[in-house]
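A quick write-up on the structure given underneath.
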Amino acid sequence: MSTEFDITKFVFEKKFECPVCSIAFSAPIAKYGKSRVVSQDADLKQNYSPFDPIAYDVVVCPSCGYAESVDSFEKPVMDRIKANIIEVIRPKFCGHVYPMEITTEMALERFHIMIANSEVKNGKIGTRAYTYLKMAWVCRNAEDIRESIYLKMALDHFKEALQKEAPPIAGMDSNAVSYIIGELERRTGDDEAAIRWFSAIVASAGAEGRLKDRARNQKDLILQERKEKEAEAAKAATAKKKQAEGAADEQDEKKKKKFEWF
Ligand SMILES: [Zn+2]
């Protein structure tokens, strides 16, 4: 029996009609029933086995570069926006045809084109934030160091969305978005900010119990890691001190010996 990876088990070509330029084309789409979620990361990334369908969440029109999520691609687009896409997006992004097997680079490019479209359409900031988060997840799957860049982009956009847009933001209520912001602060290295966001959720009357538990866990994780770091630093300082004392003793010994010569 062959153990070779067969992409057609997980992906198929689906026909679409572009709502902007009316061309018919086929695009690779994931068969969602073929993979199952085996775990979830603290920033809500779902980990699939045996195949992650995330790179197939976007459809890009090869003719005009219009890009949207699979579920929304064929929704009608207003004439004014169509004209903007033809003018701004088409010259930059026409001619992108994707094979069944989408690489990390292609996945990032497809999400990037979707974000460019969202900006031209004046789409929701929260949706762009979520797209940046997906780009970070694509990088995490590939152990690509650009993950941190996209986490930061997602963080900035979620913060802006929370200020400017009414929930739901990317399908989440404001407490869930606050949790994501806290977790993205933690992952991008601002523990103090993360603690503030998590503490606010724990204290919030409106947040649901499970979300409070998650926030509490992540806050505890930061405090625990901090304790461990402090303990390690103290240990290192003691070792350094001992080493210095040892070196001083050795010096004394040498001096003694030196005197013995005379
Ligand atoms: Zn098109």
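Select from the stretch 12-29 the residues that are touching a Ser or Thr at 6+ places or on another chain (Cβ under 8 Å) and either of a type in the set (S, T, N, Q) or part of a strand (DSSP E or B) (or both) and list them in ascending order. If the condition is that a residue be touching a Ser or Thr at 6+ places or on another chain (Cβ under 8 Å) and either of a type in the set (S, T, N, Q) or part of a strand (DSSP E or B) (or both), then Glu13, Lys14, Lys15, Phe16, Phe25 are the ones that fit. Among all positions in the stretch 126-135, there is no residue which is over 15 Å from the mean Cα position of the chain (by Cα) and either at pLDDT 95 or above or buried (at least 23 other Cβ atoms within 10 Å of the Cβ) (or both).
Yes or no, residue by residue, for (1) over 15 Å from Met100 (Cβ atoms); (2) at pLDDT below 95:
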{"residue": "Glu13", "(1), (2)": "no, no"}
{"residue": "Cys21", "(1), (2)": "yes, no"}
{"residue": "Lys34", "(1), (2)": "no, yes"}
{"residue": "Asp43", "(1), (2)": "yes, no"}
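Taking the listed residues Lys229, Lys212, Lys219, the one that is at pLDDT below 95 and charged (D, E, K, R) is Lys229, with no other qualifying. Restricting attention to the stretch 64-98, and to residues there that are of a type outside the set (A, V, I, L, M, F, W, C) and touching a helix residue (DSSP H, G or I) at 6+ places or on another chain (Cβ under 8 Å), which single residue is nearest to the ligand (Cβ to nearest atom)? Result: Tyr66. In the stretch 186-198, the residues that are of a type in the set (A, V, I, L, M) form Cβ pairs under 7 Å with partners that are crowded, with 20+ Cβ neighbours inside 10 Å and part of a helix (DSSP H, G or I), at six or more places apart or across chains, as follows: Ala193/Glu185; Ala194/Gly182; Ala194/Glu185; Ala194/Arg186; Ile195/Lys219. Pull out all pairs, ordered by first then second residue, where Cβ-Cβ is under 8 Å, the residues are six or more apart or on different chains, the first lies in the stretch 22-48 and is touching a residue at least 60 places away in the same chain (Cβ under 8 Å) and more than 16 Å from the ligand (Cβ to nearest atom), and the second is in a loop (DSSP other than H, G, I, E, B) and of a type in the set (Val, Ile, Thr). Pairs that qualify, where the first residue is touching a residue at least 60 places away in the same chain (Cβ under 8 Å) and more than 16 Å from the ligand (Cβ to nearest atom) and the partner is in a loop (DSSP other than H, G, I, E, B) and of a type in the set (Val, Ile, Thr), are Pro28/Ile102. Scanning the stretch 48-69 for residues that are over 17 Å from Lys124 (Cα atoms), under 20 Å from the mean Cα position of the chain (by Cα) and either charged (D, E, K, R) or surrounded by 15 or more Cβ atoms within 10 Å (Cβ to Cβ) (or both) yields Tyr48, Phe51, Asp52, Pro53, Ile54, Ala55, Tyr56, Asp57, Val59. No other residue among Val60, Val77 is modelled with pLDDT of 95 or more, among the β-branched types (Val, Ile, Thr), within 25 Å of Phe93 (Cα to Cα) and touching a Pro at 6+ places or on another chain (Cβ under 9 Å) apart from Val77. Among all residues of the stretch 26-44, there is at least one that is of a type in the set (D, E, K, R) and surrounded by 19 or more Cβ atoms within 10 Å (Cβ to Cβ). The residues in the stretch 1-11 that are part of a strand (DSSP E or B) and farther than 22 Å from Val97 by Cα can be counted, and the count is 0. Restricting the search to helices (runs of 4 or more DSSP H) fully inside the stretch 30-127 and requiring at least 1 residues that are over 25 Å from Ala154 (Cα atoms) gives 79-84, 90-93.
The values are calculated or read from the model by the stated rules, or taken from the named source; none is laboratory data. Nothing here was measured: the structure is a model prediction, and the numbers come from that model. Please note: Cβ atoms are built from the backbone with ideal geometry, for glycine as well, and neighbour counts cover all protein chains shown.
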